[in-house]
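Coordinate-derived values only; no laboratory data. The shown structure was predicted, so the numbers you read here are calculated from the model rather than taken from an experiment. For neighbour counting, all protein chains shown are included, and Cβ atoms are generated from backbone atoms with ideal geometry for every residue, glycine included.
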Amino acid sequence: MEPVLELSNVNYAYHTMDGETKALNDISFSVAPGEFVAFVGPSGCGKSTLLSILSGLLKTETGQIRVNGKDLKDSTTNIGYMLQHDHLFEWRTIYHNVLLGLEIQHMLTARTRAKAEELLELYGLKPFADSRPSELSGGMRQRAALIRTLVLEPDILLLDEPFSALDYQTRLSVGDDIGQIIRNAHKTALLVTHDLSEAVSLADRVIILTKRPASVARIVPITFSLEDDTPMHRRDAPEFKTYFNLIWKELNKND
Ligand code: ADP
């Protein structure tokens, strides 16, 4: 199958008054359609930089990025970006927060409105459509943020530590919940996380990055022999610990 995303020898450096900070070093990998890939690596290694490049916010210096066979800058593939904080506006209701991306991109039509309502219903937020963000739990807010991203019908989802602002307990259930939503929607997803358990419970592959400037240290395919392969079941499966330890060791090797 043709990869949806293909990076070849991508490099990136920040240039500031104090000089140059090299963030990405010769990054190459590809992602298959519908695949869920998690990126782990030491803090400050360049994970967010990588997602910013894929979202088009930053431009690579050298190397090539192809999306559905086209150069990233010529690509018409819709890429959604979900950040650590939900960025819901308190002066808007949940419904109007969900519509925000559509408004900004001039995509608000009867069809997309109906789609937003359908997603609110599907993910249990319909009763809160007229509520303000502060009336919702952290997990529900994150669901609303995901709906705001999904309603734009992205082909690829970039998730930058989307659960890290939540407390541990909530993070577990929201991570599992949102992971399932993304899988059921058959989206290709790239998740940056510092939480190895999250990576192993959600991903098809984990890409381990070295300390800054990030390069690919190792790519670990994750397979569980589970009949019902959900993040929750993965956490209880015997393979879970093996993967966790393998990734942990590789990360500490790079210290
Ligand atoms: P991570 O997401 O892995 O924590 P980042 O991609 O945010 O790491 O950052 C990688 C490195 O690039 C860090 O050392 C950071 O200090 C540096 N960096 C990030 N953003 C900028 C910027 N706007 N200007 C200069 N340096 C930056």
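Extending 7 Å from Cα along the Cβ direction at His96 and again at Gln64 yields two label points whose distance is 4.8 nm. With only Cα atoms counted, the stretch 89-154 has Rg and Dmax values of 10.7, 30 Å.
Roughly how tilted is helix 238-253, in degrees to the nearest 10 and between 0 and 90, from the longest Cα axis of the chain? Computed tilt is about 50 degrees.
On full extension, the segment bounded by Asp71 and Asn252 gains 61.7 nm, given 0.36 nm per residue less the C-alpha separation. For the chain, the Cβ-based charge dipole about the Cα centre amounts to some 280 debye (Lys, Arg positive; Asp, Glu negative; other atoms uncharged).
One way to sum up the overall shape of the chain is the equivalent ellipsoid from its Cα gyration tensor, whose semi-axes run 29, 23, 18 Å, largest first.
When +1 charges are put on Lys and Arg Cβ atoms and -1 charges on Asp and Glu Cβ atoms, the dipole computed for the stretch 144-230 relative to its Cα centre reaches about 460 debye.
Separation of the alpha carbons by more than 28 angstrom is noted, of Lys47/Lys249; Lys22/Lys70; Lys73/Lys126; Lys70/Lys211; Lys70/Lys249, for Lys73/Lys126; Lys70/Lys211; Lys70/Lys249.
For the chain, the relative contact order comes to 26 percent (Cα pairs under 8 Å, sequence separation of at least 6).
Can you compute the FRET efficiency between Lys22 and Thr230 using 1/(1 + (r/R0)^6), with r the Cβ-Cβ distance and R0 = 45 Å? Round to the nearest 0.05. E(calc), rounded to 0.05, equals 0.70.
Equivalent ellipsoid of the stretch 1-142: semi-axes from √(5λ) of the C-alpha gyration tensor, largest first, are 34, 20, 15 Å.
Think of each Lys and Arg Cβ as +1 and each Asp and Glu Cβ as -1; about the Cα centre, that makes the dipole of the stretch 89-154 roughly 60 debye. The residue list Ala214, Val67, Leu166 was ranked by how far each Cα lies along the charge dipole of the chain toward its positive end, using unit charges on Cβ atoms, and Ala214 comes out on top. Of the beta bridges in the chain, as assigned by DSSP with both residues counted there, near 55 percent are antiparallel. Counting neighbouring beta carbons within 10 Å and listing from fewest to most, the residues Arg111, Arg205 come out as Arg111, Arg205. What angle do you read, to the nearest 10 degrees and between 0 and 90, between the alpha-carbon axis of helix 138-150 and the longest principal axis of the chain? Approximately 80 degrees, to the nearest 10. Between helix 110-122 and the chain there is an angle of about 80 degrees, using the helix long axis and the longest principal axis of the Cα atoms.
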